[in-house]
Amino acid sequence: MTALMIDSPWAVGLIVVVALLLFGGSRLAGLGKSAGRAIKEFKEETSGVLGPPQTDQQSQSDPAERRGGTGEPARPGTTD
């Protein structure tokens, strides 16, 4: 099995020109935009999974303190 060897700028340019002729500029722009969104979403999701682990002190703290609240219940007629 041979791999596709693209080692010169001319080969990359030729591939780009052929892609433009086959698909058109607007469709390639849409593909690029979609790929960028997918990469951004993937990074956001993996950063949540691979984020720093919580310490015991952080996991046992009051949830109201983590939200920045005072810990007191909301008064009727006010929004939080």
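The values are calculated or read from the model by the stated rules, or taken from the named source; none is laboratory data. The shown structure was predicted, so the numbers you read here are calculated from the model rather than taken from an experiment. With ideal geometry, Cβ positions are generated from the backbone for all residues, glycine too; neighbour counts draw on all protein chains shown.
Of note:
- Any hit, region 5-16, residues being acidic (D, E), loosely packed, with under 11 Cβ neighbours inside 10 Å and not in a helix (DSSP H, G or I): yes
- The combined condition, being modelled with pLDDT under 90 and in a helix (DSSP H, G or I), is not fulfilled by Q54.
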